[in-house]
Amino acid sequence: MVSTYFSYNYIAHHLKQSLTRVEQQPDVARESAYYKANIGKVRTVDDLMKDYRLYHYAMKAYGLEDMAYAKAFMKKVLESDLSDPKSFVNKLVDKRYREFAAAFSFNGSATPVAQSGDQTDEMIGLYTTTKKSQVDALAADSNYYSAEIGKISSADQLLNNDRLRNYVYSAYGIDQSKWPGDTISQVLRSDPSDPNSYVNTTFASQLTGLNAQLAQAKSDASAADLKITGYKAQLSQPGADVTQSNIQILVEKSHLESYTKSISSLSDQIATIGGFVDLAGAFEFSPDGSLPSGVSAQTAANVAITKKRFDDSKAAVYSAASPIYEALAIKQFRTDLSKINSVQAFVSTPGVYDFALGAVGLDPGMVSKATIKAVLESDVNDPKSYVYTLKDNRYVELARAFNFDAKGNLTTPLVAQDSAQVLQIAREYVVAALKQASPQQEKAIRALATKDATAYQEAIAGIDSVSELLANRPMVDFILLAKGLDPKKVSTEFLKKIFSSDLNNPKSFANTQSDPRFAEIVASFNFDSKGNVARLPMMGPQKRDQFRDTQANYLQQSLEQQQGETNPGVRLALYFQRKAGEITSAYDILADKALSEVFRTTFDLPDSMASMQIDQQAKVVDKFMKIKDLSDPAKVEKLLSRFSAMYDVRNGESIGQGQSPLLNLFQGSSSGISGISESTFLAIAKLRAH
């Protein structure tokens, strides 16, 4: 048969073609098609295990065929929480079980929630920032007022300056929607000490009548309240006419409601007139609206009074930004957020509703709840959805901060990468960094790599599109390094083509690359065809990347098994090549029988080495092999070329062809190793030359 050396090297250099041939084999194609057609029907672990073909396909994909019988054990694996270091699967030494559990989302996957932890943290940070910016804006308005009021020369000039006018209106409680500018202009020109001035004849003259009406309304309200109390008392008396008493109570309650409204309306009118009188007295304008020569629009004392009134009018803003109030609001928000299970619950819960709107800069008292419901039910990925018709980014920000579907129900968070993928990338990055560290550097490198991984986990939460991701080159480099790729050799333009590829099309740019890791990177993100973050549909218990990995693993396992049927050495080499990137220490090799055999064979070490103490074995591995070299495909290929040649030597395999005449000259017909093939001698010669 063909030697291990040549068989392995041929497959290694034509891996994509070899996998394609396996993929096209009738039995493999049939099982893969069945898996693709039926995995979407699976909802539970039991569903998967009840379907023999699906279950065995998945088990084979992760090299666990020999454990297919142990369904109770495998069920515990699939139901484990990967994020919990104490979960069943994380306590198992064999990494294959964790890989298998990670291929499905039966447990620990994204669940519908009003906000993810990142969204909540971001909203709280936004709330704090918004409240501070609002206070800063008020301070800026006051500074502007102080700087500009001295330059005003007429009442109309004051009213034509939007910023000054808004400041004055707020200070004196004037509602711009109710009072035309001409009215306020005449008030500014009035002298409150002149009984014939506009402010007195038009407004202050009403105060006597309004105060009398207010007093009467208060008296009527008090009387109605007493009557209600009396009628209620009658209800408990023997022989009381309950029906008549209840009718009288309803009548008096109606009266009380009317009186209460009158009190509120009259109080507002009186306060407005008081504000007009104060406004007139706060400025020095003449009846024609001008200022006497050398006279400022306001005295220093009145400027101070106006600024104080302005601050008083904004008391709610200052209060909301205070550390104590802010801490209470945040605590209430976190508490009430757990109760939110729909848009209706959102708009009905002040602790969440007011906080969320305040965080994005919206006034809860100025926006209808119907509008907010429509905003939260909008699809932020659809430029034609309702939220974009408002032409206000604050509403878009609010819609992105929560997870509701078109019916107002909870859905999963909209993120560039699911938490499991983010965690996986972070772990792979730390592993890749540690491979390059010497024992002395390991602690420092681990700390630095962990810090970088944490930064990635925080930053990825803010990515909303492919363009944002690729614009952040440090983040891109992090991903490439985690996947064992050299960032210097991967351009942004290349990545743009990769991310714009249709992963469902086998002829797309990403799928036709010789290195499958680029397609794996794309599959790990939740970007739609337009490059925006989207909620991509799942195939039953698997996300897009999980399904792709399972099918790719099945092909790889099929290739390795088929090669192993004719030459176990080729299977060992292919297995080592596949696992090399995951090896972080000598112990990873020693914990795997197949990897250990490759190591011992490569360096012609006796099998009895396995009986040594594990730490002594690890020292032997480190002596012969640099673990960091296993991140370099070229060095792995060289190592496995040596293995395949040594495997042939150890197992005395031959290709069944005549030996080279040149080798016969050196070895002779009675050399004792005439069974070794020409290709093996050639391989050994190459190894010695190196």
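A few comments on the model shown:
- Taking all protein chains as they are arranged and a probe of 1.4 Å, the heavy atoms of Lys178 leave approximately 150 Å² accessible to solvent.
- Cα principal axis extents for the chain, largest first, Å: 135, 81, 48
- Solvent-accessible surface of the chain, taken per residue with a 1.4 Å probe and all protein chains present: 52 Å².
- Aspartates and glutamates with Cα under 17 Å of Lys307, excluding same-chain neighbours fewer than 8 positions away: Asp136, Asp141, Glu148, Asp162, Asp278, Glu284
- Positive-end extreme of charge dipole, the chain - chosen from Leu164, Phe402, Ala72 (charges on Cβ): Ala72
- Assuming charge only on the beta carbon of Lys and Arg (+1) and of Asp and Glu (-1), the dipole of the stretch 1-156 about its Cα centre is about 860 debye to the nearest 20.
- Listed by chain and number, the aspartates and glutamates placed with their C-alpha closer than 17 angstrom to that of Lys619 are Glu442, Asp588, Asp592, Glu597, Asp604, Asp607, Asp629; residues fewer than eight positions away on the same chain are left out.
- Think of the stretch 457-609 as a dipole: +1 on every Lys or Arg Cβ, -1 on every Asp or Glu Cβ, centred on the Cα centre; then among Pro506, Phe478, Gln457, Pro506 lies furthest on the positive end.
- Helix-only mean residue ellipticity at 222 nm for the chain, each DSSP H run of n ≥ 4 adding -39500 (n - 2.57), per residue, nearest 500: -19500 deg cm²/dmol
- Between 0 and 90°, nearest 10: helix 678-689 axis offset from the chain longest Cα axis: 60 degrees
- About the Cα centre, charge dipole magnitude for the stretch 331-376 (Lys/Arg +1, Asp/Glu -1 at Cβ), debye: 140 debye
- Average Cα contact separation per residue, the chain, under 8 Å, 6 or more apart, as relative contact order %: 18 percent
- Using θ = phi - 60° in the Karplus curve 6.51 cos²θ - 1.76 cosθ + 1.60, the 3J(HN,Hα) couplings for the stretch 440-457 round to 6, 8, 3, 4, 5, 5, 4, 4, 5, 5, 5, 5, 4, 5, 5, 4, 5, 4 Hz; x is entered for Gly and Pro.
- In this Cβ point-charge picture (+1 for Lys and Arg, -1 for Asp and Glu), the stretch 161-258 has a dipole of about 160 debye about its Cα centre.
- Positive contributions from Lys and Arg (+1) and negative ones from Asp and Glu (-1), summed over other residues with Cβ under 13 Å from the Cβ of Tyr259, come out at 0.
- Distance violations [Cα-Cα > 23 Å] among Lys95/Lys543; Lys41/Lys579; Lys497/Lys530; Lys178/Lys261; Lys36/Lys86: Lys41/Lys579; Lys36/Lys86
- Summed residue charge, Cβ within 11 Å of Ala610's Cβ, Lys/Arg positive, Asp/Glu negative: 0
- Proximal charge balance of Lys307 [Cβ under 15 Å; K/R count +1, D/E count -1]: -1
- Estimated D of the stretch 158-231 in µm² per second, where Rh is the Kirkwood radius over Cα pairs and Stokes-Einstein applies at 25 °C, 0.890 mPa s: 161 µm²/s
- In Å², nearest 10: area of Ile249 left accessible to a 1.4 Å probe: 10 Å²
- Cβ-based charge dipole, the chain, positive-most Cα from Ala212, Gln298, Val347: Val347
- Ellipsoid semi-axes for the stretch 405-536, based on the Cα gyration tensor and the rule √(5λ), read 27, 20, 12 Å when sorted largest first.
- Proportion of all alpha-carbon pairs of the stretch 19-58 beyond 16 Å (%): 35 percent
- Asp288 - accessible surface, heavy atoms, 1.4 Å probe, Å² rounded to 10: 110 Å²
The values are calculated or read from the model by the stated rules, or taken from the named source; none is laboratory data. Everything numeric here is computed off the predicted structure, so don't read it as measured data. Counting neighbours? That spans all protein chains shown, and the Cβs are built from the backbone with ideal geometry, glycine included. With ligands, DNA and RNA removed, areas are computed over all heavy atoms of the protein, side chains included. Shrake-Rupley method; radii C 1.70, N 1.55, O 1.52, S 1.80 Å.
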